[in-house]
Structure formats: C-alpha cells, structure tokens
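Beneath this line is the structure, given in structure tokens, with notes to follow.
The values are calculated or read from the model by the stated rules, or taken from the named source; none is laboratory data. Just so it is clear, the model here is predicted, and its values are computed rather than measured. Neighbour counts are summed over all protein chains in view; Cβ atoms, including those assigned to glycine, are modelled from backbone coordinates with ideal geometry.
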Amino acid sequence: MLSFTIGDVRITRLEEIYAPAFPVGDLLPSSNLAELEHLGDRRSQFYEPESVCAYMSIHSWLVQTPQHTILVDTCNGNHKQRAMEGFSMLDLPWLDTLAAAGVKPTDIDQVVCTHLHLDHVGWNTMLDGSDWVPTFPNATFVIHRNDLEFWNPANPTSAAMGFNANVFEDSVQPLLDRDRVTVWEGDGHTIDDTLQLALAAGHSPGMAIGLVESKGQRGLFAADSMHSPLQVFRPDWYCGFDLIPADAEATRRRILERCAETDAMLMPAHFAAPHAYKVRPEGDGFVALDGV
Ligand SMILES: [Zn+2]
C-alpha cells in the first residue's frame, strides 16, 4: 500500500480498481502517441502496449493530519446501479483496504468530494437493508456548491448526461437528508492548518483540488484535472470526460505550474503507478519525474 508523509501529514492510497481501462484515443481524444516516442520504454508505465489502453487507477487518498482523519474521494462503492457497465453493481473489498490502513469508518471525520462523478462519491454511502446510509457516520462531507447544484437531478443539463445517472440519488441525497454536508462556495475552503481546498473548474463545474502544506513540504490532490501521466507531458490533450475542455486545460496547466514551482507532490485521482509524481516544466509541457 502506497503511504508517505508530507511534513506531519500521512497520505495513503486506498485502491479500489487498477486496470488498463480505456483506449488512450478514447480517454484523450486529441492525443497522438507518436508525439511521445521520445519517452521510449517508459510509455509502458502509462498504457498497455498491446491494447494501447491507459492504465487507470480508482483510489481514495487517506489523509491523516495532526487534527483530522480525512478521505479525499470515495471511489465507486458497492451494489450501485450505474450506467457504465464496468462500474455497476460492484462488490469490491475497498473497506478491507481501509481497515488494512489501520482506520475504521468511524475514524473518518471529513470526506472531501472533489466532484460528484460516480467514481468519487460511491463509498459515501452503503446499503443498510434497502436504505443508503453514510459509510462514515462521524464524517462531514465537503462539496462545492457548483457541483452540488449542477449534478442535482433537477438540473436538465446534467440529467441528460446519462453516465452519472443515480449517483446523486444514492450517494449524495442521503447525506443531505441527514444534514451531513458542508457546502462551500467561491475559490477556497480551509479544512485545517495543513489542507486547503481550491476551486479548479473545467472537468466539473465545482471540482475541488486539495493543497497540502506541512513543515515546508507540499502536495496537491489534483482530482480529475488530469487522468493519465501522459497529460503531464501534453497538458493540451484533453480528457473525453472533461465538461469544459478549454477550462480543464487551463486548470491542468495551472496545477502543473504550481506543482513545479513549489516542488509539490502531484496526487491525481486516477494516475497509473506510482500514482504520485513530482514534475518539472519542459517545452510547452512538463516532465513527470519518478514518483514517490
Ligand atoms: Zn474520476
């Protein structure tokens, strides 16, 4: 299990799914892999050579600060009816992975939902009989107002996007009904002395990133601002799931610049192993340096 510290903050990756998932050409529609030939054998770290499918991880980041036990995103969850076949009615041992990290669901006191896509809010709730109840009974779930409003099924724009069907109803509404949600708005929100959230719209209207700083060391939870390390090298390759690709590209570049300038560990939600990288600028893009 990947676990490391940033100053006084311990960060642990909790894997739900890891596989060569989407053809690179589908995930990153404007990509042209011939333009990354100079990476040579290293490309097999980012996609399976035979199938040309990008290695994708779905994981949560467990963040243990001196003050809080936090989850950044909660993967897909179990027993949930989803439009995307590979993510529907899962039965995966993610709670065992949390236990292996030495943490009980009751220990979690904050859950940061970077955005309200199916693969980020699933373990917010679990089945109790026929009811969806909070998996983390002592947690506050932190959500930006833009995403809460956009993904509400009463919004016809998002309701027309079938891929996220049922998600609000089974993974967000039960928290609202129990008054477990902290809604934030504007550009920033403070979790504690070591973790700040910042609005990073583009992939989703209210996507949050998390800025970690402790004892002079820094990290950045980049959510879905980028889906593959290929986009570190080519930030202009948008993701097919980006709601507003131009905004998503600007956000991606801003995040990579910030990581390079502040020597922050880049920690997105879906990067292939080793899952977290330092970066440095090169040409019109960046270089993903060896991970943690
Ligand atoms: Zn995602």
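Details
- Here E48, E35 are screened, and the one residue that is closer than 14 Å to A273 by Cα, of a type outside the set (F, W, Y) and modelled with pLDDT of 95 or more is E48.
- The residues in the range 16-32 that are out of contact with any Gly (no Cβ under 8 Å at 6 or more places or on another chain), touching a residue at least 60 places away in the same chain (Cβ under 8 Å) and surrounded by fewer than 17 Cβ atoms within 10 Å (Cβ to Cβ) can be counted, and the count is 2.
- Residues in the range 16-45 that are part of a strand (DSSP E or B) and out of contact with any helix residue (DSSP H, G or I) (no Cβ under 6 Å at 6 or more places or on another chain): I17, Y18, A19, P20, A21, F22, P23.
- The number of residues in the range 83-121 that are within 13 Å of the ligand (Cβ to nearest atom) and assigned to a loop (DSSP other than H, G, I, E, B) comes to 6.
- Within the range 211-225, restricting attention to residues that are within 13 Å of the ligand (Cβ to nearest atom) and part of a loop (DSSP other than H, G, I, E, B), the residue that is surrounded by the fewest Cβ atoms within 10 Å (Cβ to Cβ) is D224.
- Residue list for the range 184-210, filter: out of contact with any helix residue (DSSP H, G or I) (no Cβ under 8 Å at 6 or more places or on another chain), surrounded by fewer than 16 Cβ atoms within 10 Å (Cβ to Cβ) and in a loop (DSSP other than H, G, I, E, B): G186, D187, D193
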